[in-house]
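Any read-out appearing in this document is the output of simple, stated calculations on the displayed coordinates, not a laboratory observation. Note that the coordinates shown come from a computational prediction; the quantities given were computed from them, not determined experimentally. Because the Cβ atoms are built from the backbone with ideal geometry, glycine has one as well, and the counts that use them run over all protein chains shown.
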Amino acid sequence: MANSLLRVQKIDVFYHDFHAVWDASLEVEEALVVSIIGANGAGKSTLLNTIAGVLRPSNGTIEFAGKKINGLMPYQAVQEGISMVPEGRRMFPRLTVLENLEVGCYTPKARKRKDEAIRRTYELFPILEERKNQLSITLSGGEQQMLAIGRALMCEPRLILFDEISLGLAPLVIKNIYQRVKLINSEGITALLVEQDIQRSLKSSHKVYIMQSGRIRLEGKPGELSQEDIRKAYFGL
Amino acid sequence: MLSFLSELKVPITNGLLLGGLYGIIGIGMSMIFGIVRLVNLAHGDLIILASYLSLVTMTLFPVSPLLTLIVVIPAMCVIGFIVQYYLLNRVLGKGMNPPLLVAFGLSIIVQNLLLLIFTPDARTLLTSISVKTLPIGSFLNIPVVYLVDFIGSIVTIALLSRFFNRTYLGKAIRAASDDEGAAQLMGINTKSIYAIAMGLAMGTAAIAGVLVGMTFTFYPHTGPEYLIMAFGVVIVGGLGSLLGTFLGGLILGLAQILGAHFLGPGFQLLSGYLILLIVLTFKPTGLFAKG
């Protein structure tokens, strides 16, 4: 097994008074694609947001590249090399496509290599170059998702967190986007995805975690998990 | 008809020029409203604070008020940054009321500090251009100070819009104003971005303060008058557009002077507010609102 890049140990996360994540531990090895699967409200997005620094765990630790990162603000997590494609894409609607990308490499370190990063993003998503001077709000859903991914790539992350990137998109578009994720991963960038679609995740990940009611119920490599166990863990049977 | 139009030349010119001044009074308020989503109730008082800062600088160094901007702009930027970073940022995200109350408290503190230090006497930033007029054609005389106000306003807004469109910081500020959470995920420290935005807004308040001080007399309690003016400009112009704010200023200025022209000087303020009411009724987002 490769080195672990992200190690989450026994964290609990509260949303105000609501105990959203219970005693969750997970490990993401360098250069892998790892997915967290679960139904709506299973706590997977909360877990992802906690890793990104948007939420804070009440206990437990999050280590990234051997360094403890819980308690960091999101902008500090970005500087450490964690980037996130947020749920619902969250474009900057009044900025153009190009400006969205530029803002993506706001950190001083990334800013120096802006032109190179933009070129790479355009290679990955040629449609973004065609649309670079349009306001991002005029893009289609799929294009917006591509822009969100491109924007997250701009700061040259070691780990990208993808929060439900297939939500609300047509199957063909989803397939296309997952192919890009694979391409991104092939460049050595580690990916942690949150997804509701079990089959899609099993097909595209090296390892999956299944969450239900705020707890991780099952983990393993897709080939080694039985359909029966996955179904039980997913629905909490 | 022709004589009617030529009769209107003077009030229209004056209205537009006054509107330019209103534009710069409103621009800082509009920025903070749009970026930080904060109604800065102290905006007018901070403008007057800038007027007094200019006055102090003029007594220390005998220069023209416009030259005091070299001192007043940086001073106001620093004040704005500190006020936002250490005071207003602490109450953001805690509902509507706390930031309003902090800004209101700040307004009271500034007013009374000014009263304490400078006494309630009327002041003005005296300059040779305050009394000069510029003849245009044979029957139109423009007060030079109005022209300076107008040009100052245009230059400021042009520079600001360049800053927002061309620089990294400007784009980051716009991104934070679109979606604070997403901006943080891009590595942007939105709290310090807000402080920088307030610093910039206070930079424009510094310019507004000096221009206001050159154009009108001011007292420690004049701030709220300009706050209301700034409110008007923001409402008429709409959020999120620098040009809209400027045009909002022009409309308000025109409405006031034309109202005074047709209905008598007593109706100057009222006619401005009538326009405000009409805009609020038919286009509550403002005439030039973006997005």
Would you be so kind as to identify which of A:LEU237, A:GLY188, B:GLY95 lies farthest towards the positive end of the dipole of the protein assembly as shown, taking Lys and Arg as +1 and Asp and Glu as -1 on Cβ and the Cα centre as origin?
A:GLY188
Between the Cα axis of helix B:144-166 and the main Cα principal axis of chain B, the angle (0 to 90°, nearest 10) is 30 degrees
Jot down the per residue volume, in cubic angstrom and as a whole number, of the convex hull over the alpha-carbon atoms of segment A:114-200.
97 Å³
Hey, any idea what Rg/Rh is for chain A, computing Rh the Kirkwood way over Cα pairs?
0.96
Would you look at the GNM of chain B, springs on alpha carbons closer than 10 Å, and say which of B:PHE262, B:PHE33, B:PHE231 moves the most?
B:PHE262
Percent of beta bridges antiparallel (DSSP, the protein assembly as shown, rounded to nearest 5):
60 percent
Furthest towards positive pole of dipole, B:GLY80, B:ILE35, B:LEU147, structure part segment B:19-226, Cβ charges
B:ILE35
Determine the principal axes of the Cα atoms in segment B:189-245, then give the extent along each, sorted from largest to smallest and rounded to whole angstroms.
40, 24, 18
In nm, the gap between the two label points placed 7 Å beyond Cα toward Cβ at A:TYR15 and A:ASP115 is 4.5 nm
Chain B, helix-only ellipticity at 222 nm - DSSP H runs n ≥ 4, -39,500 (n - 2.57), divided by all residues, nearest 500:
-24500 deg cm²/dmol
Segment A:186-214 versus segment B:214-232: alpha-carbon centroid distance in Å
59 Å
Nearest-20 debye value, chain A charge dipole, Cβ charges on Lys, Arg, Asp, Glu:
300 debye
For B:HIS261, A:HIS16, what ranking results if the residue with the fewest other Cβ atoms within 10 Å of its Cβ goes first?
A:HIS16, B:HIS261
Using the structure shown, list the pairs from A:LYS114/A:LYS207; A:LYS44/A:LYS203; A:LYS68/A:LYS109 with a Cα-Cα distance above 26 Å, or answer none.
A:LYS114/A:LYS207
Modelled label reach - B:VAL10, point 7 Å along Cα→Cβ, segment B:131-174 residues with backbone N closer than 14 Å
B:134-143
How tilted is helix A:171-186 with respect to the longest principal axis of chain A? Cα atoms for both, answer in degrees (0 to 90, nearest 10).
90 degrees
Please find, in a Gaussian network model of chain B (springs between Cα atoms separated by less than 10 Å), the residue of B:ARG166, B:ARG90, B:ARG174 whose mean-square fluctuation is greatest.
B:ARG166
To check my understanding: the extent here is largest minus smallest coordinate of the Cα atoms along each principal axis. What are those three numbers for segment B:19-226, in Å, largest first?
59, 41, 29
Would you mind telling me which residue in B:GLY23, B:GLY253, B:GLY80 has the biggest mean-square fluctuation in a Gaussian network model of chain B, where springs connect alpha carbons within a distance under 10 angstrom?
B:GLY80
Cβ charges +1 (Lys, Arg) and -1 (Asp, Glu), total dipole of segment B:19-226, debye:
360 debye
So what's the angle, to the nearest 10 degrees on a 0 to 90 scale, between helix A:141-153 and the longest Cα principal axis of chain A?
90 degrees
So for the pair B:HIS221, A:ASP229, with labels modelled 7 Å out along Cα→Cβ, what separation do we get in nm?
7.9 nm
Treating only the Cβ of Lys, Arg, Asp and Glu as charged (+1, +1, -1, -1), what charge dipole size does segment A:96-237 show about its Cα centre? Round to the nearest 20 debye.
280 debye
Where does the protein assembly as shown land on the Kirkwood hydrodynamic radius, alpha-carbon pairs, in angstrom?
25.8 Å
When the charge dipole of chain A is computed with +1 at the Cβ of Lys and Arg and -1 at the Cβ of Asp and Glu, the Cα pointing farthest to the positive end, of A:LEU161, A:ASN40, A:ILE127, is that of A:ILE127
How far apart, in nanometres, would the label points at B:ASN141 and A:LYS175 be if each is projected 7 angstrom from Cα along the Cα-to-Cβ direction?
8.1 nm
Give the distance, in whole Å, between the Cα centre of segment A:53-123 and the Cα centre of segment B:49-67.
45 Å
